[in-house]
Amino acid sequence: MHVGGEVDVRSAYCAASVASLTNIVTPKLFDGTAEWIARCQFWEGGIGGVPGMEAHGGYTFCGLAALVILKRIHLLDMKSLLRWVAFRQMRFEGGFQGRCNKLVDGCYSFWQAGLMPLIHRTLHAEGDPALSLTNWMFDQKALQEYILLCCQCPSGGLLDKPGKSRDFYHTCYCLSGLSIAQHFGSGEMLHETIVGIPENLLKPTHPVYNIVPDKVACAVMHFMQKEIPDEKDFKSK
């Protein structure tokens, strides 16, 4: 993600998330970014890494979350995106696959399930009467069962699927997906769905930034007190 290096929606999301948390978003900084991300939406409904690339769970999350931050989510076909991600949850395993005709993978517990709060809130803002007031649009219990029963390593850590090795990447996104599956809404509208013992409950994670919401609030409040740097300063540094 640098000049002369890779170019895909991951870098757009990283830039948008950091810029929004640190209050340095300017129209010039993201000129044309939202339109480019929208061109990455594949005919399947999901988003690819670059225009014309196959829809993929990780890229879809990065693209959608970036457009949420940039307030340009209307550029996407949301119904098509919802249909694509809904069919990525596997009926037998309960977990999510990242692409069509691929095996289930623990990390997509966040990349795919994390799309649902963003889609839900977008459709809610549009006044969609079919939305549930207590559940996301996927089987939250089935996903928790896959993570808790199939992705845990007896000696600690979480993994892709049974037979794979544990690693920090899958540990992070399995836990993040577990949190999404446990918590619906917020505040007075919060509904919790917990599979297993009460100690399985995790703290909520922010659906856009994937960190606990109070940390997002602290960052936003801190940097809102700072002036937005002059764009000339970016070039000089």
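What follows is calculated from the coordinates using simple rules that are stated; it is not laboratory data. Predicted model, so just to flag it, every value in this text is computed and none were measured. For neighbour counting, all protein chains shown are included, and Cβ atoms are generated from backbone atoms with ideal geometry for every residue, glycine included.
Can you divide the C-alpha Rg of region 1-114 by 2.2 N^0.38 Å and report the result to two decimal places? Please list the in-between numbers first.
Working: Rg = 14.2 Å, N = 114, 2.2 N^0.38 = 13.3 Å.
Against the compact-globule rule of thumb, the ratio is 1.07.
For the pair L149 and L190, how long in nm is the line joining their label points, each one 7 Å along Cα→Cβ?
My value for the distance between the label points is 2.8 nm.
With an 8 Å Cα cut-off and a minimum separation of 6 or more residues, compute the relative contact order for the chain in percent. Mind dumping the intermediate values first?
Details: 353 pairs, mean separation 40.5, N = 237.
It comes to 17 percent, rounded to a whole number.
Using the alpha-carbon atoms, what tilt in degrees (0 to 90, nearest 10) does helix 57-70 show relative to the longest principal axis of the chain?
The answer is roughly 40 degrees.
Aspartates and glutamates within cross-link reach of K28: Cα-Cα under 16 Å, excluding same-chain residues under 8 positions apart?
Within reach: D230, E231, D233.
For every other residue with a beta carbon closer than 12 angstrom to the beta carbon of Q97, add +1 if it is Lys or Arg and -1 if Asp or Glu, then tell me the sum. Before the final figure, lay out the partial values.
Details: positive: R88, R91, R99, K102, K161; negative: E93, D105, D160.
Combined, the nearby Lys, Arg, Asp and Glu give +2.
Using the Kirkwood formula over every pair of different C-alpha atoms, what hydrodynamic radius in Å results for the chain? Kindly include the intermediate steps, with their values, before the conclusion.
Numbers: mean 1/r = 0.0536 Å⁻¹.
Taking the inverse mean of 1/r over all distinct Cα pairs, the chain comes out at 18.6 Å.
I want the local charge near M221. Using Cβ-Cβ distances under 12 Å, sum +1 for each Lys or Arg and -1 for each Asp or Glu among the other residues. Write out the running numbers ahead of the final one.
Values: positive: K215, K226; negative: D214.
Once positives and negatives cancel, what remains is +1.
Kindly express, to the nearest 10 degrees and within the range 0 to 90, the angle between helix 115-125's C-alpha long axis and the longest C-alpha principal axis of the chain.
Once rounded, one gets 70 degrees.
At a Cα cut-off below 18 Å, give the aspartates and glutamates reachable from K102, other chains included and same-chain residues fewer than 8 away excluded.
Result set, ordered by chain and number: E44, E54, E93, D160.
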